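Student: Take this structure first; my questions come after.
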Amino acid sequence: MSANAMSYEVVVGLEVHCQLNTQSKAFCSCSTEFGKPANTNVCPVCLALPGALPVLNRRVVEDAVKLGLATECEIAPRSVMARKNYFYPDLPKGYQISQFEEPICSEGLISVDAGEGCRDIRLIRIHIEEDAGKSIHDIGDDTFIDANRCGVPLLEIVSYPDIRTSAEASAYLQKLRQIVKYLGISDGNMEEGSLRCDANISVRKKGETEYGTRTEVKNMNSFKSVEKAIEFEAKRHIEVLESGGTIFQETRLWDADKLETRSMRGKEFAHDYRYFPDPDLVPVCVDNEMLEAVRSELPEFPEARAERFVREYGIPAYDAGVLTVERELADYFEAVVKGCGDPKSASNWVMGEVLRTIKEKSLQITSYPIEAQRLAGLLGMIRAAEISTTIAKQVFDKMLESGLGAAEIVEREGLKQVSDTSEIEKVVRAILDENADQVEQYRAGKTKVFGFFVGQCMKAMKGKANPAVVNDILKGVLDS
């Protein structure tokens, strides 16, 4: 980066659309199921046919309140649905039902850490709106419209321009995704469009208080794309300004293949949308009863849960941080601990074998083949010295493949740990007899060779010997 570029500060505000996982749409009873044949999840309401009247889905309001409470927003006791008028070919009624002057949530914050300490990113608002349809351009030379997505409920989360780096923008998005997943209101999948981000980007000289002219960048479907788009657009702004040019307020598209933005259209202002209260919808009222009912459903969030894991289970803070990234993973870990009574062992196995196979096989913890109780059974057998850790890993792999429990596999395949001292001593003496030179080295003071004897004994007993008993007998025989 040039010296001139170093004198600029990047200023970013994000507008995030979060698709809710309700079963029906925002203003009608049509299904929100993804992947259905085109134009089958539609009705007169979501197509805005004459005489059709919308009715707001209560679950959408509750989800909005949940997210508002989770992000420390003020929850409006009264908010208003508005019509946002603009023309898109995949918006059949020519307007979108949204909120404008009176949103349901306002003035919240999300704390993020992009590696330089925790910072609060303030939220201007969270409001309810509906999605538009989808234009399909890849069938011959024509464009087709699929209206299935029309009316699918969204929450729009708008931040203040508090973000200063691309890494901070990514951290903010990841934190927001974690929150909506913990709340259970969305799967937060950016690649599938459940979480969509528009970035408002400008630059200004360091020390200045006035904001520069912003451009809005769309079409980013991953955290990495958001980072790259912000970096490219900030660099473009600086180069234009340094060459004496002018930045125009516009909407630009991110091209992930070329790693660049390109102009799409002039950026609209609020008055261009001609907002007015929707005459078919009454104001949204959130009374104390609803507020407290929603508050009582809030989960234990990652930071608090990680602190409790450290305090209650005695595991390291790093382990607790990994285990609480996703709510379902934290639930799985706690179920394993409850079943086996050994938090550290549970932590090691979940972070090790479970997460390894999830990554290798592209699995989800919610559908993981080894249920928490079956894993707890395996760890219980290790704790009771019925099998060694080495054998346990073999059993774990067989559990993945077969769906059987650890005890059944151990019994069927004769893998139970041998703790019979007389049987182990026979093997120990045989190994020492076969390795007389190493015995002399050990007795001459080269005690590192002890590990060699342990390995040979375990190999001879196919990993089934109790390691602690092997160590005790070896030491006793060698030192006698």
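Student: Inspect the stretch 202-219 for any residue being open to solvent by 70 Å² or more (accessible area, probe 1.4 Å) and of a type in the set (F, W, Y) and give the result as yes or no. Explain how you work it out, then say what you get.
Tutor: So in the stretch 202-219, the residues open to solvent by 70 Å² or more (accessible area, probe 1.4 Å) come out as 205-211, 214, 219.
In the following step, the residues that additionally are of a type in the set (F, W, Y) were identified as 211.
Within the stretch 202-219, one or more residues are open to solvent by 70 Å² or more (accessible area, probe 1.4 Å) and of a type in the set (F, W, Y).
Student: Let me ask another. Examine the stretch 219-231 for a residue that is over 26 Å from the mean Cα position of the chain (by Cα) and not aromatic (F, W, Y), and state whether such a residue exists.
Tutor: Narrowing the stretch 219-231 to residues over 26 Å from the mean Cα position of the chain (by Cα): none.
Scanning the stretch 219-231, I find no residue that is over 26 Å from the mean Cα position of the chain (by Cα) and not aromatic (F, W, Y), so the answer is no.
Student: Here is a list of conditions, (1) open to solvent by 40 Å² or more (accessible area, probe 1.4 Å); (2) part of a loop (DSSP other than H, G, I, E, B), and R59 meets all of them except one; can you say which number that is?
Tutor: It fails just one condition, (2).
Student: Please work out which residue is nearest to G13 (Cα to Cα), limiting yourself to the stretch 134-162 and to residues that are among the small types (G, A, S) and modelled with pLDDT of 90 or more.
Tutor: To start, the set of residues in the stretch 134-162 that are among the small types (G, A, S) comprises 135, 140, 147, 151, 159.
Next, from what is left, pick out any that are modelled with pLDDT of 90 or more: 147, 151, 159.
Working: A147: 30, G151: 26, S159: 5 Å.
So, considering only residues that are among the small types (G, A, S) and modelled with pLDDT of 90 or more, the one nearest to G13 (Cα to Cα) is S159.
Student: Would you confirm, using the coordinates I've provided, whether I145 is out of contact with any Cys (no Cβ under 7 Å at 6 or more places or on another chain) and either under 30 Å from R295 (Cα atoms) or among the hydrophobic types (A, V, I, L, M, F, W, C) (or both)? Break it down into steps so the answer makes sense when it comes.
Tutor: Details: out of contact with any Cys (no Cβ under 7 Å at 6 or more places or on another chain): yes; either under 30 Å from R295 (Cα atoms) or among the hydrophobic types (A, V, I, L, M, F, W, C) (or both): yes.
Criteria met by I145.
Student: Mind listing just one residue for me: the one in the stretch 62-82 that is among the acidic types (D, E) and out of contact with any Leu (no Cβ under 7 Å at 6 or more places or on another chain) and, of those, most open to solvent (accessible area, probe 1.4 Å)?
Tutor: E74
Student: Which numbered condition in (1) farther than 27 Å from E62 by Cα; (2) assigned to a helix (DSSP H, G or I); (3) open to solvent by 20 Å² or more (accessible area, probe 1.4 Å) is the only one that V336 fails?
Tutor: (3)
Student: Another question, if that's okay. Go through (1) of a type in the set (S, T, Y); (2) touching a residue at least 24 places away in the same chain (Cβ under 8 Å); (3) assigned to a loop (DSSP other than H, G, I, E, B) one by one and return the number of the condition T209 breaks.
Tutor: Going through (1) of a type in the set (S, T, Y); (2) touching a residue at least 24 places away in the same chain (Cβ under 8 Å); (3) assigned to a loop (DSSP other than H, G, I, E, B) one by one, T209 breaks only (2).
Student: While we're here: Among the numbered criteria (1) open to solvent by less than 70 Å² (accessible area, probe 1.4 Å); (2) under 28 Å from the mean Cα position of the chain (by Cα), which one does N85 miss?
Tutor: Failing condition for N85: (2).
Student: Another question, then. Of everything in the stretch 310-333 that's over 20 Å from K393 (Cα atoms) and aromatic (F, W, Y), which residue is most open to solvent (accessible area, probe 1.4 Å)?
Tutor: Our first condition is that a residue be over 20 Å from K393 (Cα atoms); within the stretch 310-333, this holds for 310-331.
Okay, now just the ones that are also aromatic (F, W, Y), so 313, 318.
Values: Y313: 43, Y318: 162 Å².
In this case the residue turns out to be Y318.
Student: As an exercise: evaluate E386 against (1) open to solvent by 20 Å² or more (accessible area, probe 1.4 Å); (2) part of a helix (DSSP H, G or I) and give the number of the one condition it does not meet.
Tutor: (2)
Student: Given the options E334, E360, E401, E411, name the one that is on the phi < 0 side of the Ramachandran plot and in contact with a helix residue (DSSP H, G or I) (Cβ under 9 Å, 6 or more places away or on another chain).
Tutor: Working: E360 fails: in contact with a helix residue (DSSP H, G or I) (Cβ under 9 Å, 6 or more places away or on another chain); E401 fails: in contact with a helix residue (DSSP H, G or I) (Cβ under 9 Å, 6 or more places away or on another chain); E411 fails: in contact with a helix residue (DSSP H, G or I) (Cβ under 9 Å, 6 or more places away or on another chain).
One residue alone meets the criteria, E334.
Student: Is it true that E9 is closer than 30 Å to K206 by Cα, surrounded by fewer than 23 Cβ atoms within 10 Å (Cβ to Cβ), more than 25 Å from the chain's Cα centre (by Cα) and not small (G, A, S)? Talk me through it step by step, then tell me what you get.
Tutor: On the way: closer than 30 Å to K206 by Cα: yes; surrounded by fewer than 23 Cβ atoms within 10 Å (Cβ to Cβ): yes; more than 25 Å from the chain's Cα centre (by Cα): yes; not small (G, A, S): yes.
It is true that E9 is closer than 30 Å to K206 by Cα, surrounded by fewer than 23 Cβ atoms within 10 Å (Cβ to Cβ), more than 25 Å from the chain's Cα centre (by Cα) and not small (G, A, S).
Student: Something else about it: Are any residues in the stretch 11-25 among the polar types (S, T, N, Q), over 24 Å from S159 (Cα atoms) and in contact (Cβ under 8 Å) with a residue 40 or more places away in the chain, and if so, which ones? Walk me through how you get there before you give the answer.
Tutor: Of the stretch 11-25, the ones among the polar types (S, T, N, Q) are 19, 21-24.
Pick out the ones that are also over 24 Å from S159 (Cα atoms) and you get 22-24.
T22 - this is the single residue of the stretch 11-25 that is among the polar types (S, T, N, Q), over 24 Å from S159 (Cα atoms) and in contact (Cβ under 8 Å) with a residue 40 or more places away in the chain.
Student: Given the structure, is C28 in contact (Cβ under 8 Å) with a residue 24 or more places away in the chain and in a loop (DSSP other than H, G, I, E, B)? Walk me through how you get there before you give the answer.
Tutor: Values: in contact (Cβ under 8 Å) with a residue 24 or more places away in the chain: yes; in a loop (DSSP other than H, G, I, E, B): yes.
In short, yes.
Student: Just one of K398, K393, K459 is outside any loop (DSSP other than H, G, I, E, B) and either touching a residue at least 60 places away in the same chain (Cβ under 8 Å) or exposed (fewer than 14 other Cβ atoms within 10 Å of the Cβ) (or both); which is it?
Tutor: On the way: K398 fails: either touching a residue at least 60 places away in the same chain (Cβ under 8 Å) or exposed (fewer than 14 other Cβ atoms within 10 Å of the Cβ) (or both); K393 fails: either touching a residue at least 60 places away in the same chain (Cβ under 8 Å) or exposed (fewer than 14 other Cβ atoms within 10 Å of the Cβ) (or both).
After ruling out the rest, the residue left standing is K459.
Student: Just wondering, is there one or more residues in the stretch 35-42 that are open to solvent by less than 20 Å² (accessible area, probe 1.4 Å) and within 17 Å of V284 (Cα to Cα)? Outline the logic, then answer.
Tutor: Let us first name the residues in the stretch 35-42 that are open to solvent by less than 20 Å² (accessible area, probe 1.4 Å), namely 41.
Pick out the ones that are also within 17 Å of V284 (Cα to Cα) and you get none.
Looking through the stretch 35-42, none of the residues is open to solvent by less than 20 Å² (accessible area, probe 1.4 Å) and within 17 Å of V284 (Cα to Cα).
The values are calculated or read from the model by the stated rules, or taken from the named source; none is laboratory data. Note that this is a predicted model, so its numbers are computed, not measured. With ideal geometry, Cβ positions are generated from the backbone for all residues, glycine too; neighbour counts draw on all protein chains shown. Only protein heavy atoms, including side chains, enter the accessible area calculation; ligands, DNA and RNA are left aside. Shrake-Rupley method; radii C 1.70, N 1.55, O 1.52, S 1.80 Å.
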